[in-house]
Structure formats: structure tokens, C-alpha cells
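Chemist: Before I ask anything, let me first share the structure, which is written out below as C-alpha cells.
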């Protein structure tokens with residue numbers, strides 16, 4: 001790992017207490033984000049991508065969950081922080097953008113006052129600078145008439161404008177790392193494009209690192225620099241973005257790409273991945289769980305014990321050996 | 001191919017009440033003069049952003065929305081009012097699939113009762129016949145027989161959407177209005193639901209009105225489509241007309257906004273998208289009338305019509 005890494009997560013595992021028992025949701029996830037890099041975390045619902053993100057910003061309730069491993073931001077070990085220390089990190093060093101902007105904003109406070117509050121908590125800026133900074137932020141996220149919008153309430157804004165306000169809040173104190181959890185999933189196509197372009201611009205200007213969580217591969221192809229594909233709580237492939245799309249290797253990545261209707265518009269039938277994502281209690285972390293959904297592969301390939309992420313190219317890691325022999329069911 | 005459903009100059013206006021005595025002070029023009037025609041056994045795509053009025057059109061067609069003006073014809077019969085719909089059994093022939101599968105399935109009913117309900121309403125089947133029919137419908141959407149006695153919460157989103165499809169197909173309808181049927185689903189599940197929709201279309205010859213904001217999905221599903229903006233259609237045509245020869249600025253902007261899996265060219269795509277956005281902001285006034293609504297459609301070819309101002313073609317030559 002080089003020194004330019006902004007965030008280094010090593011062997012992060014998270015388990016949740018369900019009916020008195022701890023059940024593991026993600027296991028030994030190792031990732032790193034550099035400054036000025038967009039790392040996309042991709043997978044279906046239930047693959048553990050948001051669970052990882054919430055552990056980076058310490059939002060797991062310690063009485064209901066167990067987080068182990070290391071998450072280092074510079075010299076600081078985030079997992080060793082006490083509840084009192086967290087508020088100094090969240091919103092200052094790490095900004096967060098959520099999927100539903102209406103739920104992320106206070107419905108009773110004006111937009112400008114909410115941004116002002118975020119500024120006053122962290123003291124990165126002087127109080128005399130707040131007014132200017134509020135307008136500057138609203139300008140930066142492309143909101144027209146920022147002076148007027150600052151005096152409005154969230155319900156007076158459209159969905160796209162609200163998401164811009166959430167982004168303004170996330171970048172208010174110039175965080176070094178931004179976590180964006182499905183930031184455009186609830187938005188229309190044209191607004192989605194604008195928000196993605198905006199994230200890219202902010203990253204160019206501020207040099208922040210971004211962890212982008214999404215299930216949409218075309219969004220990944222538009223903005224990501226690196227991609228980590230997750231399945232059933234583990235990373236199955238991790239590669240530089242152009243490399244991943246030019247040369248996808250893991251069976252899961254290849255299946256996901258093939259089921260995307262935007263890629264191959266002319267085929268009559270879309271490729272369907274058999275079966276479903278396993279429930280938490282049914283995950284065996286010593287196996288590659290995706291291979292349960294490829295029953296046509298030979299028994300010994302599917303039952304490989306403890307498959308590891310292995311480096312297969314300069315910027316490319318794949319889990320296990322199944323990719324060496326993988327064929328789609330209609331190619332067998 | 002025979003025409004199944006024709007919508008003529010459909011208007012749905014919601015009154016806005018305010019002030020003293022709660023008088024009607026203005027209207028929301030949710031649908032404002034929309035005409036379209038759906039052929040038997042074909043899929044027609046209706047695309048628009050949120051608030052464009054596309055769901056209003058769908059609801060008006062199935063009779064869930066009061067129509068302000070305009071006409072709807074089903075196989076040549078005027079079905080604009082409820083009485084005439086009842087006379088020709090229209091409600092059996094036209095069914096709907098909703099976006100949110102959780103809220104469109106009654107949580108206290110078993111899957112059997114949910115799928116059997118339209119059959120009880122329209123077919124007069126006895127219990128035994130109902131069972132075998134429901135079993136057959138579940139088989140079509142790839143769900144095992146045991147699911148009959150389970151409840152909606154026991155299923156995943158994709159499975160619930162397939163139950164919604166089975167219910168819609170139960171009465172052997174001629175048209176299904178599908179309002180954003182896959183936008184709440186994961187990619188792999190979405191593929192499955194879309195395939196089932198295509199399969200039942202082939203098996204039963206059902207026509208779909210496919211309402212969506214996702215141009216990628218629509219490109220996969222439909223031959224003919226209409227782009228809607230602010231209650232009016234801005235462009236109508238075949239898949240080829242719209243995706244390769246779009247003429248309205250709004251359509252071009254919508255197309256440019258589709259994220260593409262094309263990493264080597266993404267910088268150019270992004271520049272193109274931004275250029276179109278600038279063009280849209282600068283020139284949009286020319287594409288809309290003084291009330292900000294699209295102009296009437298003008299045919300530019302046999303299949304392709306665009307909402308351009310009357311003097312547009314001459315202006316282009318300048």
C-alpha cells in the first residue's frame with residue numbers, strides 16, 4: 001500500500017445481533033481509497049456495500065453489532081474512536097451523501113441554516129465567513145439563485161435540488177473523503193447525469209476521495225476510477241475501471257454485465273442470473289457463494305475452499321479460481 | 001396489425017383550489033392533449049421524467065383517473081366513460097402492473113387469493129378450477145406451487161413483481177398498463193421480470209403500455225415510443241426514429257443523459273452531455289410555447305412526429 005492512500009480498510013468484518021445471536025454480514029473486506037479517486041462499490045441489494053460504508057463512518061450501534069479489523073484514515077484508527085470523538089470526524093474529515101435527500105434534510109430548517117449548522121459544528125471556518133461560505137457552496141453545487149434558495153425549506157425544492165443541498169452539506173467543511181450511498185438512484189436520468197458530473201467536478205476541485213456505492217454498472221462506468229464488486233459480504237473482484245469493463249473476470253461481474261439491458265439492446269431475451277442472493281444465516285464465508293448460482297460448473301470448482309483475492313494483472317484482483325474455467329450456462 | 005387502443009387528445013387537468021370559498025384558481029395540466037395508438041400484441045413505450053404526466057395517462061386508460069376532455073377507444077369502441085367500459089367488459093381486458101409491488105398486493109391475503117381475485121370477479125370459476133388456474137399462472141412467472149399459501153411479505157421484490165404480473169395476466173387481458181414495473185428492482189432481478197413480460201406477451205398476445213423513465217429498459221422492450229414532457233408529447237416514433245434520429249432538443253438531452261458503459265470514451269460523452277445541457281438551457285425557449293408547453297406534433301416521416309414550432313423548418317435553413 002502506498003502512502004497516498006487516504007483510507008485503508010483491512011479485514012473489516014461486521015456482524016449484527018439477530019435474535020440474540022451474532023450473524024456475520026461482511027467478512028474480511030479490505031479496500032483502499034486514494035485522494036482524488038472515486039472508488040465504486042458495486043453489488044446487488046444485500047451484498048453488504050452499505051454495511052461497509054456505515055462502518056467507515058461509525059454508524060453501527062455497538063450494542064447491536066460487532067465491527068472488527070482496521071480502518072485507518074492517515075494515522076488514525078477509525079474503529080478505535082470513542083463515541084465522543086466521532087462527531088469531530090463525521091462531517092469534517094468524512095462527508096456523507098445519502099440516497100433519499102428528503103430524509104437526510106431537516107424539514108423544519110431553512111437550507112441556509114442547515115448548512116450554517118454543519119459549518120458551526122466543526123469550526124473549519126470562522127463565523128464571519130459562514131454567510132459567504134453558504135452561498136459559495138450552493139453555487140458550487142449548481143443551484144441557481146443561491147441567495148433565495150438559502151432562505152427556502154427542503155420541501156420547496158425539487159428532488160434534484162434537494163440532492164444538491166445534501167451534497168453541499170457533505171462538502172461544507174472540505175472533507176477529505178466523501179461517502180455517497182446510491183446518490184442518484186432516486187433521481188431522473190437527466191438529473192442523475194447532472195449530479196454525477198457535479199460529483200466529478202467537486203472531486204477535481206477539492207481532490208477528495210469518494211466511495212460511491214451503487215448497483216448501477218453504467219453509473220460506475222461513467223464516474224469511477226476503481227471498482228470493487230461485492231457479493232454476499234465479500235469482495236469478489238477489484239480492478240481499475242477501464243480494466244474491469246474491458247476484461248471482467250469473476251463469474252458474478254460477468255453475469256451482472258450480461259444482464260444489463262443498456263448494453264445489448266438487440267437481444268430478445270436478457271441474461272438472467274439463476275437463484276437469489278443468500279440470506280445472512282446461509283452464507284458460508286469459506287466458499288464463493290456466487291457459485292451456488294452457477295450449478296453447471298464442475299463440483300470441485302464450486303466447492304473451492306477459502307478462495308482468496310489474487311492479483312491477476314497490474315490493477316486487477318479476482319477471488320478464487322472459478323474465473324479460469326467459467327462459462328455461461330448457454331456456452332457450456 | 002390492428003389497432004387495439006387509441007387515445008385522442010386526452011386531457012386531465014387537476015383543479016388548484018385556494019383563497020376565499022376555496023374557489024378553483026388554476027389547473028395543473030397533468031395531461032394536455034395527448035394522442036397515441038397501441039397495436040395488438042405490441043409494446044408501446046411512454047417515457048418521461050417524474051412529473052411529466054406519464055402515470056396520469058396510464059391511470060386514465062385503466063379508468064383510475066377522471067378525464068377532463070378527450071376520448072379513449074378500445075377496439076373501435078368509445079370507452080371514455082365508466083358505463084361503456086362496463087358494457088364491453090373493458091376492465092377484464094385491460095389490467096395494470098404497478099411500480100411498488102409491496103403496496104399493490106394486499107398484505108393480509110395469501111398469494112392464492114390475490115391472484116384469484118380478478119378470476120373470481122370475471123370468470124365465475126369454481127374453487128377447484130381456480131386452484132389449477134392460479135397454479136398455472138404461478139408456473140408461468142416461475143414461482144413454485146407452494147407459494148400459493150404464503151403472504152406478500154415472504155417474498156423478495158422481484159418475486160412480488162412477478163406475482164403482480166401473474167395477477168394482471170389472470171383475466172387473459174388484451175392490454176396491460178405497466179407503470180415503472182422494474183425501476184425498484186436490482187439489475188439481475190430486473191432482467192428476469194422483463195423476460196417474463198416478454199414471454200407472456202408471446203404466449204397470450206398481450207399488448208403493453210410500458211411507462212418508464214429508463215430509456216435503456218425501454219429500448220430493450222419496445223418498438224414504438226413516445227417522449228412526454230410537461231403533460232404533452234414532444235416526440236413520437238419507432239425505436240430507430242427516437243434513438244438514432246431524435247429531433248426535439250428535450251429528447252436529445254434525455255438521450256445524452258443515459259449513462260453508458262463506455263469507459264474509454266467517457267470524457268467525450270461527458271463533454272457532449274454538458275454541451276447539450278448548455279444548448280438546452282439557451283435554446284429551450286424556441287421549443288416551447290409562451291406557457292412553457294410543447295408545440296403540437298408535426299410529422300417528419302411516416303412513423304416519426306416531433307413537437308416543433310411551425311416555422312422551425314424554415315428557421316433551420318437560415
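Chemist: Beyond 26 Å, what share of the Cα-Cα pairs of chain A remains, rounded to the nearest whole percent?
Modeler: Values: 27860 of 54946 pairs.
That tail contains 51 percent of the Cα-Cα pairs.
Chemist: Working only with C-alpha atoms, what are the Rg and Dmax values of the stretch B:110-197, expressed in angstrom?
Modeler: Looking at the stretch B:110-197, its Cα Rg and Dmax stand at 12.7, 39 Å.
Chemist: Angle between the Cα long axis of helix A:130-140 and the longest principal axis of chain A, 0 to 90 degrees, nearest 10?
Modeler: 40 degrees
Chemist: Nearest 10 degrees is fine. How inclined is helix B:266-287 to the longest principal axis of chain B, computing both from alpha carbons?
Modeler: Relative to chain B, helix B:266-287 is tipped by roughly 70 degrees.
Chemist: Using Cα pairs under 8 angstrom and six or more residues apart, how large is the relative contact order of the stretch B:268-308, in percent?
Modeler: Details: 25 pairs, mean separation 9.9, N = 41.
Across the stretch B:268-308, relative contact order equals 24 percent.
Chemist: So how far apart, in nm, are the two label points at residue A:100 and residue A:85 if each is 7 Å from Cα heading toward Cβ?
Modeler: Result for the modelled spin labels: 3.3 nm.
Chemist: Moving on. Springs between alpha-carbon atoms under 10 Å, Gaussian network over chain A: tell me which of A:170, A:150, A:208 tops the mean-square fluctuations.
Modeler: Between A:170, A:150, A:208, it is A:150 that shows the largest mean-square fluctuation.
Chemist: Only counting other Cβ atoms within 10 Å, I'd like A:10, A:34 sorted with the fewest neighbours first. Show your work: numbers first, answer last.
Modeler: Numbers: A:10 14, A:34 18.
Least to most surrounded, the residues fall as A:10, A:34.
Chemist: What are the semi-axes of the equivalent ellipsoid of the stretch B:3-229, taken as the square roots of 5 times the eigenvalues of the Cα gyration tensor, listed largest first and rounded to whole Å?
Modeler: Details: eigenvalues 181, 78, 70 Å².
Output for the stretch B:3-229: semi-axes of 30, 20, 19 Å.
Chemist: Over all directions, average the projected area of the Cα convex hull of the stretch B:150-227 and note it in nm². Display every interim value, and only then the final one.
Modeler: Numbers: hull surface 21.7 nm².
Spelled out: convex hull of the Cα atoms, projected over all directions, averaged, 5.4 nm².
Chemist: So, one more: For the residue pair residue A:147 and residue A:296, what label-to-label distance in nm results when each label sits 7 Å from Cα along the Cα-to-beta-carbon direction?
Modeler: Result for the modelled spin labels: 6.6 nm.
Chemist: Still on this structure: Per DSSP H run of at least 4 residues, take -39500 (n - 2.57); add these up for chain A, divide by its residues and hand me the 222 nm value, nearest 500 deg cm²/dmol. Display every interim value, and only then the final one.
Modeler: Numbers: 13 runs with 103 residues, N = 332.
Taking each H run of at least 4 residues, the total per residue is -8500 deg cm²/dmol.
Chemist: When DSSP assigns beta bridges and you keep just the ones with both residues in the protein assembly as shown, what percent turn out antiparallel, to the nearest 5? Don't jump to the answer; show the numbers that get you there.
Modeler: Details: 64 of 102 bridges.
For the protein assembly as shown, the DSSP antiparallel bridge percentage is about 65.
Chemist: When DSSP beta bridges are limited to those with both residues in chain A, what percentage is antiparallel, rounded to the nearest 5? Working shown, then result.
Modeler: On the way: 33 of 52 bridges.
About 65 percent, rounded to the nearest 5.
Chemist: Rank the residues B:148, A:161 as a footprinting-exposure proxy: fewest other Cβ atoms within 10 Å of their Cβ go first. Present the calculation step by step, with values, prior to reporting the outcome.
Modeler: On the way: B:148 18, A:161 21.
Exposure proxy ranking, most exposed first: B:148, A:161.
Chemist: Among B:240, A:93, rank each residue by its count of other Cβ atoms within 10 Å, from fewest to most, as a rough exposure measure.
Modeler: If I rank by nearby Cβ atoms, fewest first, I get B:240, A:93.
Chemist: When the Kirkwood radius is taken over all Cα pairs of the stretch B:18-60, what Stokes-Einstein diffusion coefficient follows at 20 °C and 1.002 mPa s, in µm²/s?
Modeler: Numbers: Rh = 13.1 Å.
The estimated diffusion coefficient comes to 164 µm²/s.
Chemist: Shifting gears a bit: Compute a Gaussian network model of chain B, connecting alpha carbons closer than 10 Å, and tell me which residue from B:195, B:89, B:224 fluctuates the most.
Modeler: Of B:195, B:89, B:224, the Gaussian network model singles out B:89 as fluctuating most.
Chemist: Apply the Debye scattering formula to the stretch B:163-318, with a single equal point scatterer on each alpha-carbon and no solvent, then give log10 I(q)/I(0) at q = 0.09, 0.21 Å⁻¹.
Modeler: So the normalised log intensities are -0.38, -1.36.
Chemist: Send over the semi-axes of the stretch A:130-174's equivalent ellipsoid, whole angstrom and largest first, taken as the square roots of 5 times the C-alpha gyration tensor eigenvalues. Please report the intermediate quantities before stating the final value.
Modeler: Details: eigenvalues 47, 29, 15 Å².
So the three semi-axes of the stretch A:130-174 are 15, 12, 9 Å.
Chemist: Working from the alpha-carbon coordinates of the stretch B:57-140, get Rg over Rh, Rh being the Kirkwood radius.
Modeler: 1.03
Chemist: Turning to a different aspect of this structure: With only alpha-carbon atoms in the gyration tensor, what are the semi-axes of the equivalent ellipsoid for the stretch B:241-318, in Å, largest first? Don't skip to the answer; put the middle values down first.
Modeler: Numbers: eigenvalues 129, 47, 24 Å².
Three semi-axes, in Å: 25, 15, 11.
Chemist: Same structure, new question: Calculate how steeply helix A:189-206 sits against the longest principal axis of the alpha-carbon atoms of chain A, using the helix alpha-carbon long axis, and give the answer as 0 to 90 degrees to the nearest 10.
Modeler: With rounding to tens, the tilt is 70 degrees.
Chemist: What is the calculated FRET efficiency for residue A:123 to residue A:61, with r their C-beta to C-beta distance and R₀ = 41 Å, to the nearest 0.05?
Modeler: Details: r = 28 Å, r/R0 = 0.67.
After rounding to 0.05, the efficiency reads 0.90.
Chemist: Continuing with the same structure: In square nanometres, what is one fourth of the surface area of the convex hull spanned by the alpha carbons of the stretch A:161-211?
Modeler: Working: hull surface 12.8 nm².
About 3.2 nm², averaged over all directions.
Chemist: Could you rank the peptides A:132-143, A:272-283, B:124-135 by their average count of other C-beta atoms within 10 Å per residue, with the highest value first? Display every interim value, and only then the final one.
Modeler: Values: A:132-143: 18.7, A:272-283: 15.8, B:124-135: 13.1.
Packing proxy ranking, top to bottom: A:132-143, A:272-283, B:124-135.
Chemist: For a protection proxy built on the mean count of beta-carbon atoms within 10 angstrom, sort B:157-169, B:268-280 highest first, please.
Modeler: B:157-169, B:268-280
Chemist: Quick check on chain B: of the DSSP beta bridges with both residues there, what percent are antiparallel, nearest 5%? Each step should come with its number before you reach the end.
Modeler: Details: 31 of 50 bridges.
In chain B, DSSP labels about 60 percent of beta bridges as antiparallel.
Chemist: Also, I was wondering about something else. By its C-alpha gyration tensor, with a ≥ b ≥ c as the square roots of the eigenvalues, how is the stretch B:193-278 shaped: rounded for a/c under 1.5, else prolate for a/b larger than b/c, else oblate?
Modeler: Numbers: a/c = 2.77, a/b = 1.60, b/c = 1.74.
Judged from the Cα gyration tensor, the stretch B:193-278 comes out oblate (a/c at least 1.5, b/c at or above a/b).
Chemist: Partner chain Cβ atoms within 10 Å, averaged over the residues of A:251-260 - can you pull that number for me? Let's see the in-between values first.
Modeler: Numbers: counts 0, 1, 0, 0, 3, 4, 2, 2, 9, 7.
Across A:251-260, the average partner-chain Cβ count within 10 Å equals 3.
Chemist: How many nm is it between the label spots at residue A:4 and residue B:156, if each spot is 7 Å from the Cα in line with the beta carbon?
Modeler: If labels sit at residue A:4 and residue B:156, their model points lie 3.9 nm apart.
Chemist: I'm checking a number: the convex hull volume of the Cα atoms of the stretch A:191-304, normalised per residue, in Å³. What is it?
Modeler: Numbers: hull volume 16.2 nm³, N = 114.
Per-residue hull volume (Cα only) is 142 Å³.
Chemist: Give me the percent of Cα-Cα pairs in the protein assembly as shown that sit more than 44 Å apart, rounded to a whole number. Write out the running numbers ahead of the final one.
Modeler: Values: 55760 of 210925 pairs.
When all Cα pairs of the protein assembly as shown are counted, 26 percent exceed 44 Å.
Chemist: Using a Gaussian network model of chain A whose springs link C-alpha atoms within less than 10 Å, name the residue from A:301, A:29, A:12 with the highest mean-square fluctuation.
Modeler: Top of the fluctuation ranking is A:301.
Chemist: When only C-alpha pairs under 8 Å and at least 6 residues apart count, what is the relative contact order of chain B, in percent? Please list the in-between numbers first.
Modeler: Working: 561 pairs, mean separation 63.1, N = 318.
Across chain B, relative contact order equals 20 percent.
Readers should treat all values here as calculations from the given coordinates under stated rules, not as data from a laboratory. Here the structure is a predicted model, which is why all the values come from computation and not from measurement. For neighbour counting, all protein chains shown are included, and Cβ atoms are generated from backbone atoms with ideal geometry for every residue, glycine included.
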